[in-house]
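Undergrad: Take this structure, written in structure tokens, and hold onto it; I'll ask about it next.
Every number in this text was worked out from the coordinates using simple rules, so none of it is lab data. Predicted, not measured: the structure shown is a model, and the values here were computed from it. Reconstructed Cβ throughout: ideal geometry from the backbone, glycine too, with neighbour counts over all protein chains shown.
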Amino acid sequence: MTEWLAAAYPWIKTGHILAFVSWMAGMFYLPRLFVYHAERATPGSELDSTFQVMERKLLKLIMSPAMIATWVFGLLLIGTGVVNWAEPWPWIKAAAVLGMTGMHGWLSKRRKEFAAGENRRSGRDYRIANEVPTVLLLVIVVAVVVKPF
């Protein structure tokens, strides 16, 4: 199995990068939708319904499949043997990816609150939340590319 994974390494890495880019696009956009939803839509209004459709489709059709694919390709990359777990960088990346996954779950819960008409957070709260994926992205990319530790 490891020989097959090693031979497929360039394709696995490509899949991992493409899935991660797709996931990150959603991680940046969904909180921004929440900002506008919180600030401009009244629960039960037509605009509220429009935001709910956009948020649900983004999460269910793009973000969640991309997150799953990121994890699958990432685990396959680990299986190729290219990760040296004696170094600190893969642990830092793993912690940041777990943080990104947690943020994904948090956003999913917020979407359900909007769907139930129970959002209690302000646009400012979602603007702040929008920075979390950016910080985690920086940690992940620096850990993998620069390996400063």
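Undergrad: List the aspartates and glutamates whose Cα sits under 18 Å from the Cα of Lys57, skipping any in the same chain fewer than 8 residues away.
TA: In chain and number order, the partners are Glu46, Asp48, Glu113.
Undergrad: I would also like to ask the following. If the cut-off is 28 Å between C-alpha atoms, which lysines fall inside it for Lys147, apart from same-chain ones fewer than 8 positions away?
TA: Correct list for Lys147: Lys13, Lys93.
Undergrad: Given H placed 1.01 Å from N in the peptide plane, which residues other than close sequence neighbours of Ala8 have an amide H under 5 Å from its amide H?
TA: Here nothing satisfies the definition.
Undergrad: Relative contact order of the chain, please, whole-number percent, based on alpha carbon pairs below 8 angstrom and at least 6 residues apart.
TA: Reported as a whole number, the value is 38 percent.
Undergrad: Which Cα, out of Trp85, Pro65, Tyr9, lies furthest along the positive dipole direction of the chain (beta carbon charges, K/R +1, D/E -1)?
TA: Of the candidates, Pro65 comes out farthest on the positive side.
Undergrad: Let's see if you can work this out: charge +1 on each Lys and Arg Cβ, -1 on each Asp and Glu Cβ, no other charges. What is the dipole magnitude of the chain about its Cα centre, in debye to the nearest 20?
TA: Once rounded to the nearest 20, the dipole reads 200 debye.
Undergrad: Additional query: Once every DSSP H run of n ≥ 4 in the chain is given -39500 (n - 2.57) and the sum is divided by its residues, what mean residue ellipticity at 222 nm do you get, rounded to the nearest 500 deg cm²/dmol?
TA: Result for the chain, helices only: -24500 deg cm²/dmol.
Undergrad: Taking the chain on its own, what percent of its Cα-Cα pair distances exceed 26 Å?
TA: That fraction is 33 percent.
Undergrad: Here's something else I'd like to know. Need the C-alpha centroid separation for the range 120-149 versus the range 21-67, integer Å.
TA: About 18 Å separates the Cα centre of the range 120-149 from the one of the range 21-67.
Undergrad: Just want the answer: with Cβ charges of +1 for Lys and Arg and -1 for Asp and Glu, which residue in Gln52, Phe20, Ala94 is farthest toward the dipole's positive end in the chain?
TA: Positive-most Cα among the choices belongs to Gln52.
Undergrad: Shifting gears a bit: What list of ³J(HN,Hα) values in whole Hz, one per residue of the range 35-52 in order, does the Karplus curve 6.51 cos²θ - 1.76 cosθ + 1.60 (θ = phi - 60°) give from phi, with Gly and Pro shown as x?
TA: Coupling constants for the range 35-52: 4, 5, 4, 5, 8, 10, 10, 8, x, x, 7, 5, 5, 4, 5, 4, 4, 4 Hz.
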